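All of the numbers you see were taken from the coordinates with simple rules; none came from a lab. Quick caveat, the model's predicted, so the values are computed rather than measured. Quick reminder, even Gly has a Cβ in these numbers, built from the backbone with ideal geometry, and neighbours come from all protein chains shown.
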Amino acid sequence: MYSFLILSNLVTPKENLNIFSSATSSSDSCLFLIDTVYRSRPGLTTTAIGAVDLQGAGGNWATVGRRSRGWRRVRRQREKRKGTLNVGTMTGKGRELADMMERRKVDILCVQETRWKGSKARRIGAGFKLFYYGVDRKRNGVGVVLKEEFVRNVLEVKRVPDRVMSLKLEIEGVMLNVVSGYAPQVGCELEEKERFWSELDEMMESIPTGEKVVIGADFNGHVGEGNGGDEEVMGKFGVKERNLEGQMVVDFAKRMDMAVVNTYFQKREEHRVTYKSGGRRTQVDYILCRRGKL
């Protein structure tokens, strides 16, 4: 049996120089991270920020900000930290991104809006490799950055037209699928949005149900604050009102029996925001995992 620790850790643009700037200087993207702890015996680990015990079929429960009965320390070297980030463009940011991942101890990072053409893998800095796919240097493109030690664990790479890709890794006997997605923006045609969700559905349906899945994506939608009627797939801690694109995220989570991880952490709204543009602050970047593991 394996357990997972989910740790919410929002990094502000000020802490990471220009890597969080999007195409325009007036907007910022933020990083959302989770930690995954692989261990052979069930147990609970908590942090000052919050932890969720993910014991599969046995006793799912959660605690925030305190040590509960059954708590024990887990060796930090066994943690696998994952994150998601819209980089705006990868051009000229490879080394900076690698430095940030090293500093923040990120092992696996989903990136969106890379704007790199091609279907390749390349080293972006000391100890990190980017697997990416894109068809246009001016828009879109997704990728997954791995710490070098996990590159040899990659079993399969799947790429779908410049908005969805996945890596399958085997880590300590566990099959882990890391999916990076970049949904069309609010102003795009409905047909383009539906095509994206159809491609993401197909990607998910190709993954065996017994394997672990983590999706890191810029969904360009607001799932909203509160979870009335949607308690099975999300918590209460989104941002502002839900829009059509956010409803698409929730509908996808229901179809695929997944959970919107960001929304389970009770934090001030300013710490839930993942996108800033002028006076506008919202949440459009999400991490999802199978609901049975939450």
Within the under-13-Å Cβ sphere about G181, not counting G181, Lys/Arg +1 and Asp/Glu -1 give a net charge of -3
Within the stretch 245-294, trypsin sites (Lys or Arg not before Pro) in DSSP loop having at most 13 other beta-carbon neighbours inside 10 Å: R268
Kindly write out, for the stretch 272-285 in residue order, the coupling ³J(HN,Hα) from the Karplus curve 6.51 cos²θ - 1.76 cosθ + 1.60 (θ = phi - 60°), rounded to whole Hz, with x marking Gly and Pro. 9, 5, 10, 9, 10, 8, x, x, 8, 10, 8, 10, 10, 9
Using the structure shown, list the pairs from K93/K193; K80/K168; K80/K105; K80/K147; K105/K129; K93/K147 with a Cα-Cα distance above 19 Å, or answer none. K93/K193
Amide H within-cut-off set for V142, under 5 Å, with H built and near neighbours excluded: T114, Y133
Between E232 and E205, what length in nm is gained on full extension when 0.36 nm per residue of separation is reduced by their alpha carbon distance? 7.7 nm
Please list, in chain and number order, the residues 5+ apart from R281 or on another chain whose amide H is under 5 Å from its amide H, with Hs placed from the backbone. none
What aspartates and glutamates does K117 reach when the alpha-carbon gap must be under 15 Å and sequence neighbours fewer than 8 apart in one chain are set aside? D136, D162
With r defined as the distance between the Cβ atoms of R103 and L155 and R0 fixed at 30 Å, what FRET efficiency is calculated, to the nearest 0.05? 0.55
Between the alpha-carbon centers of the stretch 271-294 and the stretch 183-233, tell me the distance in whole angstrom. 13 Å
FRET efficiency, A126 to M175 (Cβ-Cβ, R0 30 Å, nearest 0.05): 0.60
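How about the stretch 206-294: which GluC sites (Glu not before Pro) there lie in a loop by DSSP and see at most 13 other Cβ atoms within 10 Å?
The qualifying sites are E211, E231, E232, E241.
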What are the extents of the Cα atoms of the stretch 174-294 along their three principal axes, listed from largest to smallest and rounded to whole Å? 42, 34, 25
